[in-house]
Amino acid sequence: MSKKISVSKAIREGLLEEMRRDDKMFIMGEDMAVMGNVFAITTGFLDEFGPNRVIDTPISEEGFMGMAVGAAMRGMHPVVELMYDDFVTECADPLLNQAAKLKYMSGGQCSIPLVLRMPMGSGRRNAGQHSQSLEGMICHFPGLKVVAPCSAADAKGLIKSAIRDPDPVVVFEHKLLYARKEEIPEDEDYLVPIGKASVKRQGKDLTIITWSREVNFSMEAAEKLAAEGIDVEVLDLRTLVPIDWEAIKASVSKTHNVLIVSEEVKRGSYAGEISAEISEELFDELDAPVERLCGLNIVSPFSPVLEDQNFPHPDDIVKAVKRVLNK
Amino acid sequence: MDLYRTMVRVRAFEEHAAECFTKGMLAGNIHLSIGQEAAAAGAFAAIQPEDYFTSTHRGHGHAVARGMDPKLCMAELFGKKTGYCKGKGGSMHIADMKKANHLGANGIVGAGQLISAGSALASKIMGDKSVTVGCFGDSSTNEGSFHESLNMAATWKLPVVWFIENNCYGVSTEIHRVTNTPDLATRAAAYDVPFAVVDGSDVTAVYEAMVTALDHARSGKGPYVVEAKVYRYQGHYCGDPAVYRPKEYMEQALENDCIEKLGKRLAALGVTEAELEEIKQAAQTEMDEAVKFADESPYPDPAEVTDDMYTADNERCVAR
């Protein structure tokens, strides 16, 4: 059985089911309780769970992120939302120096079972402080797990797995996916395991490795390329840390050509890290150098004509695939 | 007498650590709390076994005063496998989360404010009766974390007590050169939080202020801030000659030495010199043994370097 709901509704369902199942879980962030979140993800939660478990915070990102770490050390399961991932710099210390490190630095005495939801991504014409894709920065820090779902089903299944995971998990949610309606399973206990990629389209000529909204653009590009006789495989990583290396290896060993697509600033991107890993470990499998198709090394612009230059569109992906294949 | 014993034990631990450091037995650096012993002893006499606490880079005294094992503390300073954190944290990161409810010393100034407030939030949500005490120094009151989390803790009436040990120096910078209020705890008033400022060399004054503070927090009335004025005998780190400090600072400090002051009070109550000496000797022996234990303990196995990063799926998470 399946049903068709939006990605934001799917996330909402995941949160709701886990709140009912786990009384250690609580939600905190800006505008999460009375308003029910700017993307309506938690409407009604306050009525059902009360103010102790659905907490409206002041605009104090460092404060509430750090308090979530303290609560997690005591065995609670906080789910924190930053209204935009751009605000992560406001709470860098509690996330990067505390949540990511305290397990290791204490010799394994604690787990930090917290989830940080971060709406991200370009395309909403919100300019440079509300549009970033900071996967590269977050994946740099050992101690965090990182997921970046695209489909509604994956968004629900991964948020549920993230909440049940004993480690800190950062969830990148692309804002322009929220309204997209897709089929998802009816199953109340639908989980997508952390660390497992998904082959969205089988192909034999080239592997596109991607995640989040660029999965949909890559699928569009793959259809256009199919019409020209180029058979592309699309691998949706879904989880960035731990990366599903087995899936990458299997696909690259089949197609021997790789394009990595992400919305990130290209310099220092996670796409670059994946490219380097493939070059180091799968060099013998490659027929051509691995290419990255990312954003530019610039601040996200406001004007639509400018912003559209700053993340890969399906036609850009088509061109890049042909470049790699020398066609 | 118990307070005296704790203070003497803290000082003996610190002096032993300093000696080991000077001899080159310790890697990295250490921050000593010599001179601040009454603050640790007074505060931890008031803190109950069910309570939680956080500490700082200058945190050895808190761990010893809490009743943690000096052997395991010293082994952590030595980077040994037998240390509280298996040698992965070191001096600035001693923690004993399960037994002592010690949520960790922290190398980031102000981090413990957030963690202690978060622990108190957990207590409120779970409805338990524990209070969390955040111990930190003067300079961290200038971090945003102080103001952000005190505002939330006050608004939500969280059971948290903040214990500021004001030794007047943030590394080399005298606090009043960079801070506009004569006392630091008075900043609590901005958030409608009660506070007390006490002489941190007077162990019973610290104890009494902390009892009041803990009762307040435990009764559901929200946070309380206690500031203890203390002297830091050493420089910022062990080996720092502290040339930035006027000589009057140390003259005043020695006149107010907390252990000597309490010793005189106890003598006035009839405690003999021999009894006080016996406590000092016992502390020396205890810390000699702690050093011996740490020195003879094995280092961690290099193969364990990637252990403890993640609770689930550690191997794959650290592989790439």
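The values are calculated or read from the model by the stated rules, or taken from the named source; none is laboratory data. Model, not experiment: these values are computed from the prediction. Neighbour counts are summed over all protein chains in view; Cβ atoms, including those assigned to glycine, are modelled from backbone coordinates with ideal geometry.
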By residue number, the members of segment B:75-116 that are touching a residue at least 60 places away in the same chain (Cβ under 8 Å), at the interface with another protein chain (Cβ under 7 Å from one of its Cβ atoms) and part of a helix (DSSP H, G or I) are B:115, B:116
If you take the residues in segment A:236-260 that are of a type in the set (A, V, I, L, M) and assigned to a loop (DSSP other than H, G, I, E, B), which one is farthest from the other protein chains (Cβ to nearest Cβ)? A:237
Would you check if there is a residue in segment B:5-13 being under 30 Å from residue B:307 (Cβ atoms) and of a type outside the set (D, E, K, R)? yes
Over segment A:282-298, the set of residues touching a residue at least 12 places away in the same chain (Cβ under 8 Å) and either closer than 17 Å to residue A:262 by Cβ or among the acidic types (Asp, Glu) (or both) is A:285, A:287, A:290, A:291, A:292, A:293, A:294, A:295, A:296, A:297, A:298
Residue check for residue A:260: modelled with pLDDT of 95 or more, of a type in the set (A, V, I, L, M) and under 18 Å from residue A:120 (Cβ atoms): yes
Let me spell it out: the conditions are (1) more than 8 Å from every other protein chain (Cβ to nearest Cβ); (2) out of contact with any His (no Cβ under 7 Å at 6 or more places or on another chain); (3) not small (Gly, Ala, Ser), and residue B:135 meets all of them except one. Which number is the exception? (2)
One residue is enough: does segment B:271-286 have a residue meeting the conditions part of a helix (DSSP H, G or I), closer than 30 Å to residue A:170 by Cα, without any contact (Cβ under 8 Å) to a residue 40 or more places away in the chain and away from every other protein chain (no Cβ under 14 Å)? no
Here's a check for you: in segment A:63-109, which residue that is of a type in the set (Asp, Glu) and buried (at least 24 other Cβ atoms within 10 Å of the Cβ) is nearest to the other protein chains (Cβ to nearest Cβ)? A:81
Scanning segment A:33-42 residue by residue, the ones that are surrounded by 14 or more Cβ atoms within 10 Å (Cβ to Cβ) and either among the hydroxyl-bearing types (Ser, Thr, Tyr) or farther than 21 Å from residue A:120 by Cβ (or both) total 2
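Before we move on, is residue A:131 within 14 Å of chain B (Cβ to nearest Cβ) and assigned to a loop (DSSP other than H, G, I, E, B)? Working first, answer last.
On the way: within 14 Å of chain B (Cβ to nearest Cβ): no; assigned to a loop (DSSP other than H, G, I, E, B): yes.
For residue A:131, the condition - within 14 Å of chain B (Cβ to nearest Cβ) and assigned to a loop (DSSP other than H, G, I, E, B) - is not met.
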Matching residues in segment B:225-283 - criterion: being exposed (fewer than 15 other Cβ atoms within 10 Å of the Cβ), over 15 Å from residue B:169 (Cβ atoms) and of a type in the set (A, V, I, L, M, F, W, C): B:254, B:267, B:268, B:269, B:274, B:282
